[in-house]
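Participant: I have a structure I would like to understand better, so I am pasting it below and will then ask my questions one at a time.
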Amino acid sequence: MDLRQKQIRPTSSPRKKRKRAESDKVTMYQRNCRLDIGEATQVVYVVGTELKANLVRCAPPESKFCSIRCSSNVHYKLTPAAKDRNVAAHPLTPNSVLSITMDTVSEVSNDRKLSVRYYGETKNTIGNAVLHLTAVEMSLDVDADRDGTVEKNNPNKASWKWGPNGHGAILLVNCDSESEYYKTMDSEKDEISKVSDLQDMSKMVLRINGPPELPEGYKLIMNISKTASESVRVFSPRSDKGGQSKTWKHKLLKLFLKDHVMVVGKDCLADEVPYLGGKSELQFFVEGLRFPDKDFDGLITINLSLTEPSAKGCPETPIFTDTVLFHVSPWIMTPNTLKPIEVFVCSTNDNYAFLKSIRNMVEICGCKLKVCHEYMNRGDRWMQDEIEFGYIDSPHHSFPVVLDSPRDGELQDFPYDVLLGPDFGYVTRQVVDENVSSLDSFGNLEVSPPVTVNGKSYPLGRIIIGVAFPTSTQGRNMTKVVQDFLWAQKVQTPIALYSDWLVVGHVDEFMTFVPAPDRKKFRLLLASPDAGYKVFKRLQNDGDGKAKMFPGLEEAISVDDLLNDKQLQVENIYVQNCIDWNRDVLKKELGLDEEDIIDLPILFKVKEDDGQHRAVAYYPDMVNMLVLGNQLGVPKPFGPQVKGRCALETEMCSLMEPLGLQCTFIDDFAPYHKLLGEVHCGSNVLRESSTFRWWNLEL
């Protein structure tokens, strides 16, 4: 019977037995060491590992037996074991191996010894080999259990597992800027500029327990791979060689962040770190440099090796390596159903009334308003198209990060010059070998609320983008570099819709999400020409055929004339087919039922665009709305007036009010609609991050 089984008490619970069984499977770190006849060998031993010495390799040729003596706190085992354990001299075999362990650290270097004496056939002494042993504890530690604390020697610190029962440390991309004057992302600076910058980094701790100094020539070396050096940097407080000074001068220096130096990172794959001795801790700050992408899965490995000196002129060799692993936080989008924090909109020379309506809405919902004035926007009013708000998250810190689109209109400086700052990050993707089209504007980038599809949960929702129809050979698409970035984040698996049938080509022209009190806690709103014609036919049947669309405007047309426009009807049948194709995709990919979808009465017209026939909204596109909690900023549709009220507004309210949603109709006709955009295109919203932690996803 195994000795460990004998030691288990009969009263042990099954759970305790299970834990013991699991711990028995742990393989001890092993390394070989040399024995030299006639010369003492210095060996540093790391507590928790096992030294293996081949007794035959260095034995004198005529050796037949050996005996072993050691200090009281050194433990050894001979394999194969002697049949008679009481004999002083053990027979040597071709496979004789000595296993050495220690369970306490040394007080000084070389304070433990082990000697092997070799004997001939007549048991005469023919050689001695001596090991001078120094025992030390060391561990490179990270927050592997994701609780915000760097625990000691977590067994899962070198691996990553998704899910609520998963493990693995998390790293933020240091993409904000602590600078007040010369603005640049912290990850692009050569040094740490402020104490607050350390908050954006993950802590890593080297814990040592051992003698004041290691034997001469032994070093601690931290290293990363060439690939990792593009993604991570490690900083540590500067320390005096051989140990940190305890004087007040040194403590004063610690207050200045220039005293933090880069250990490994760009152009530095390995460097020595100080062995502080005694029972000590050396803290490191780990900085992420880039987000997951097509060529980077987000995983970063950092190694710390104990090296021993070799022969003169030869490099040191590692004798023990401790490894930790980090996963970089993905960039995460926020859906309409999350609470708004701040609304962003441009001020132009023709949108005063529009801006006033937005301001009133913002006051009602209690969030902030940020107006980008003309000196910054230079006439570019499409705030939604330039940027998309998201965030990054870790157990110790999180902050918003703006994704800058490659459209690069006149607003191109706004995200970097205005938004980038302390705890507000920035990321973009440079397009080199592709043509940027309207589909690269971020009105073509949305995200669903949380959904469950066929038993698979998407608690952070799913990203939605618009592309060309699968069979199209001349269609426009979102650039591959942006799509690759979105797919690489993993936590909001994208859905591709067909949006190239539109002149502008954005998914926000025919769909959006609003909060709801029941079912899936949201509704998908879809533009629907069928629903639009239903409203107009009802008006005609009720005797309101003479009522006019666009009352008071030069575009005015009666309901009767609108319904008699056969070409418009044909065009809207085509548009409805395009939307229905997307409807089927959304139902499948988001796990929606028809009861989760509301059709909004919106007509389109088709026009020639760059040799192609594509659609635009016939009247202000009500689905292209601003969602602020239960307040909806809806483009004023200028529908027929019936009993003193717009029939389209009445229909819209009848659909939204049962969900507890209030509609504010905003006149965007001249400054936005005529320029092929609406309320949503001209605004953007920074929202609270999700309470769900991305690393708890089951992937």
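Participant: Consider only pairs whose beta carbons are under 9 Å apart and that are at least six residues apart or on different chains; among these, list those whose first residue lies in segment 543-556 and is modelled with pLDDT of 95 or more and loosely packed, with under 14 Cβ neighbours inside 10 Å and whose second residue is among the hydroxyl-bearing types (Ser, Thr, Tyr) and not in a loop (DSSP other than H, G, I, E, B).
Facilitator: 546/558
Participant: Quick test for you: out of 142, 108, 43, pick the one residue that is loosely packed, with under 14 Cβ neighbours inside 10 Å, under 46 Å from the mean Cα position of the chain (by Cα) and among the aliphatic types (A, V, I, L, M). Show your work before the answer.
Facilitator: On the way: 142 fails: loosely packed, with under 14 Cβ neighbours inside 10 Å; 43 fails: loosely packed, with under 14 Cβ neighbours inside 10 Å.
108 is the lone residue from the list that is loosely packed, with under 14 Cβ neighbours inside 10 Å, under 46 Å from the mean Cα position of the chain (by Cα) and among the aliphatic types (A, V, I, L, M).
Participant: Right, here's the next one. Looking at (1) farther than 21 Å from residue 489 by Cα; (2) out of contact with any Gly (no Cβ under 8 Å at 6 or more places or on another chain), find the lone condition where residue 228 falls short.
Facilitator: Of the numbered conditions (1) farther than 21 Å from residue 489 by Cα; (2) out of contact with any Gly (no Cβ under 8 Å at 6 or more places or on another chain), the odd one out for residue 228 is (1).
Participant: Okay, next question. Mind telling me which of the residues 117, 34 ends up being of a type in the set (Lys, Arg), in contact (Cβ under 8 Å) with a residue 24 or more places away in the chain and buried (at least 17 other Cβ atoms within 10 Å of the Cβ)? I'd like the intermediate steps shown before the answer.
Facilitator: Working: 34 fails: buried (at least 17 other Cβ atoms within 10 Å of the Cβ).
After ruling out the rest, the residue left standing is 117.
Participant: Just wondering, is there one or more residues in segment 545-566 that are part of a loop (DSSP other than H, G, I, E, B) and among the polar types (S, T, N, Q)? Reasoning before the result, please.
Facilitator: The initial filter retains those residues of segment 545-566 that are part of a loop (DSSP other than H, G, I, E, B), namely 545-547, 550-556, 565.
Next, only the ones that are among the polar types (S, T, N, Q) stay: none.
No: segment 545-566 contains no residue that is part of a loop (DSSP other than H, G, I, E, B) and among the polar types (S, T, N, Q).
Participant: Continuing with the same structure: Based on this model, can you work out whether residue 295 counts as closer than 24 Å to residue 394 by Cβ and free of Cβ contacts under 8 Å to residues at least 24 places away in the same chain?
Facilitator: On the way: closer than 24 Å to residue 394 by Cβ: yes; free of Cβ contacts under 8 Å to residues at least 24 places away in the same chain: yes.
Yes; evaluated as a whole, the condition is true for this residue.
Participant: Could you check how many residues of segment 387-435 are of a type outside the set (A, V, I, L, M) and either over 22 Å from the mean Cα position of the chain (by Cα) or not assigned by TED's automatic domain parsing to the domain that holds residue 482 (or both)?
Facilitator: Of all residues in segment 387-435, those of a type outside the set (A, V, I, L, M) come to 388-391, 393-400, 404-410, 412-417, 421-426, 428-430, 433-435.
Narrowing the set further to residues that are either over 22 Å from the mean Cα position of the chain (by Cα) or not assigned by TED's automatic domain parsing to the domain that holds residue 482 (or both) leaves 407-410, 412-414, 417, 433-435.
Total satisfying the criteria: 11.
Participant: Please verify whether residue 34 is more than 16 Å from residue 136 (Cβ to Cβ) and either modelled with pLDDT of 95 or more or outside any loop (DSSP other than H, G, I, E, B) (or both), treating the condition exactly as stated.
Facilitator: No; evaluated as a whole, the condition is false for this residue.
Participant: In this structure, does residue 537 turn out to be in contact with a helix residue (DSSP H, G or I) (Cβ under 9 Å, 6 or more places away or on another chain), touching a residue at least 12 places away in the same chain (Cβ under 8 Å), not in a loop (DSSP other than H, G, I, E, B) and not aliphatic (A, V, I, L, M)? Break it down stepwise before answering.
Facilitator: Values: in contact with a helix residue (DSSP H, G or I) (Cβ under 9 Å, 6 or more places away or on another chain): yes; touching a residue at least 12 places away in the same chain (Cβ under 8 Å): yes; not in a loop (DSSP other than H, G, I, E, B): yes; not aliphatic (A, V, I, L, M): yes.
It is true that residue 537 is in contact with a helix residue (DSSP H, G or I) (Cβ under 9 Å, 6 or more places away or on another chain), touching a residue at least 12 places away in the same chain (Cβ under 8 Å), not in a loop (DSSP other than H, G, I, E, B) and not aliphatic (A, V, I, L, M).
Participant: To continue, here is another question. Is it true that some residue in segment 623-644 is of a type in the set (Val, Ile, Thr), in a loop (DSSP other than H, G, I, E, B) and touching a residue at least 40 places away in the same chain (Cβ under 8 Å)? Please lay out each step first, then the result.
Facilitator: So the first thing to find is which residues in segment 623-644 are of a type in the set (Val, Ile, Thr), and the list is 623, 627, 634, 642.
From the residues that got through so far, the ones that are in a loop (DSSP other than H, G, I, E, B) too are 623.
Okay, now just the ones that are also touching a residue at least 40 places away in the same chain (Cβ under 8 Å), so 623.
Checked segment 623-644: at least one residue is of a type in the set (Val, Ile, Thr), in a loop (DSSP other than H, G, I, E, B) and touching a residue at least 40 places away in the same chain (Cβ under 8 Å).
Participant: From the list 103, 147, which residue is assigned by TED's automatic domain parsing to the domain that holds residue 202, closer than 25 Å to residue 322 by Cβ and surrounded by fewer than 15 Cβ atoms within 10 Å (Cβ to Cβ)?
Facilitator: 147
Participant: Does residue 508 satisfy being farther than 17 Å from residue 336 by Cα and either touching a strand residue (DSSP E or B) at 6+ places or on another chain (Cβ under 6 Å) or outside any strand (DSSP E or B) (or both)?
Facilitator: Details: farther than 17 Å from residue 336 by Cα: no; either touching a strand residue (DSSP E or B) at 6+ places or on another chain (Cβ under 6 Å) or outside any strand (DSSP E or B) (or both): yes.
No, not satisfied.
Participant: Would you call residue 41 out of contact with any helix residue (DSSP H, G or I) (no Cβ under 6 Å at 6 or more places or on another chain), in a loop (DSSP other than H, G, I, E, B) and modelled with pLDDT of 90 or more?
Facilitator: Working: out of contact with any helix residue (DSSP H, G or I) (no Cβ under 6 Å at 6 or more places or on another chain): yes; in a loop (DSSP other than H, G, I, E, B): no; modelled with pLDDT of 90 or more: yes.
Spelling it out, it is not the case that residue 41 is out of contact with any helix residue (DSSP H, G or I) (no Cβ under 6 Å at 6 or more places or on another chain), in a loop (DSSP other than H, G, I, E, B) and modelled with pLDDT of 90 or more.
Participant: Same structure again: For segment 228-279: of the residues being of a type in the set (Asp, Glu), in contact with a Leu (Cβ under 8 Å, 6 or more places away or on another chain) and at pLDDT 90 or above, which is surrounded by the most Cβ atoms within 10 Å (Cβ to Cβ)?
Facilitator: To start, the set of residues in segment 228-279 that are of a type in the set (Asp, Glu) comprises 230, 240, 259, 267, 271-272.
Then keep just the ones that are in contact with a Leu (Cβ under 8 Å, 6 or more places away or on another chain); that gives 230, 259, 272.
Retained after the next criterion (residues that are at pLDDT 90 or above): 230, 272.
Details: 230: 15, 272: 13.
Result: 230.
Participant: Something else now. Which one of these does residue 554 not meet: (1) touching a strand residue (DSSP E or B) at 6+ places or on another chain (Cβ under 7 Å); (2) more than 30 Å from residue 336 (Cβ to Cβ); (3) acidic (Asp, Glu)?
Facilitator: Only one criterion is unmet by residue 554, namely (1).
Participant: Which residues, counting only those in segment 291-319, are modelled with pLDDT of 95 or more and touching a Cys at 6+ places or on another chain (Cβ under 9 Å)?
Facilitator: 291
Participant: Mind checking which residues of segment 188-222 are surrounded by fewer than 22 Cβ atoms within 10 Å (Cβ to Cβ) and farther than 30 Å from residue 106 by Cβ?
Facilitator: Matches in segment 188-222: 188, 189, 190, 191, 193, 194, 195, 196, 198, 199.
Participant: Sticking with this one: Run down 651, 678 and say which single residue is more than 30 Å from residue 460 (Cβ to Cβ), surrounded by 19 or more Cβ atoms within 10 Å (Cβ to Cβ) and in contact (Cβ under 8 Å) with a residue 24 or more places away in the chain. Before you say what the answer is, go through the steps one by one.
Facilitator: Values: 678 fails: more than 30 Å from residue 460 (Cβ to Cβ).
Just a single option satisfies the conditions, and that option is 651.
Participant: Got at least one residue in segment 594-615 being aliphatic (A, V, I, L, M), farther than 24 Å from residue 646 by Cβ, surrounded by 14 or more Cβ atoms within 10 Å (Cβ to Cβ) and free of Cβ contacts under 8 Å to residues at least 60 places away in the same chain? Even if it seems obvious, please write down each step before you answer.
Facilitator: As a first pass, look at segment 594-615 and keep what is aliphatic (A, V, I, L, M): 597-598, 600, 602-603, 606, 615.
Still in the running and farther than 24 Å from residue 646 by Cβ: 606.
Applying the additional criterion that residues be surrounded by 14 or more Cβ atoms within 10 Å (Cβ to Cβ) yields 606.
Among the residues that remain, those that are also free of Cβ contacts under 8 Å to residues at least 60 places away in the same chain are: 606.
Checking segment 594-615: at least one residue is aliphatic (A, V, I, L, M), farther than 24 Å from residue 646 by Cβ, surrounded by 14 or more Cβ atoms within 10 Å (Cβ to Cβ) and free of Cβ contacts under 8 Å to residues at least 60 places away in the same chain.
Participant: Let me ask something additional. Name the residues in segment 429-456 that are buried (at least 16 other Cβ atoms within 10 Å of the Cβ), among the small types (Gly, Ala, Ser) and out of contact with any Cys (no Cβ under 7 Å at 6 or more places or on another chain), would you?
Facilitator: 437, 438, 441, 448
Participant: Among the residues in segment 602-618, are any touching a helix residue (DSSP H, G or I) at 6+ places or on another chain (Cβ under 6 Å), under 23 Å from residue 335 (Cβ atoms) and not acidic (Asp, Glu)?
Facilitator: Yes, segment 602-618 contains a residue that is touching a helix residue (DSSP H, G or I) at 6+ places or on another chain (Cβ under 6 Å), under 23 Å from residue 335 (Cβ atoms) and not acidic (Asp, Glu).
The values are calculated or read from the model by the stated rules, or taken from the named source; none is laboratory data. Here the structure is a predicted model, which means the values were calculated and not measured. Backbone-built Cβ (ideal geometry, glycine too); neighbour counts: all protein chains shown.
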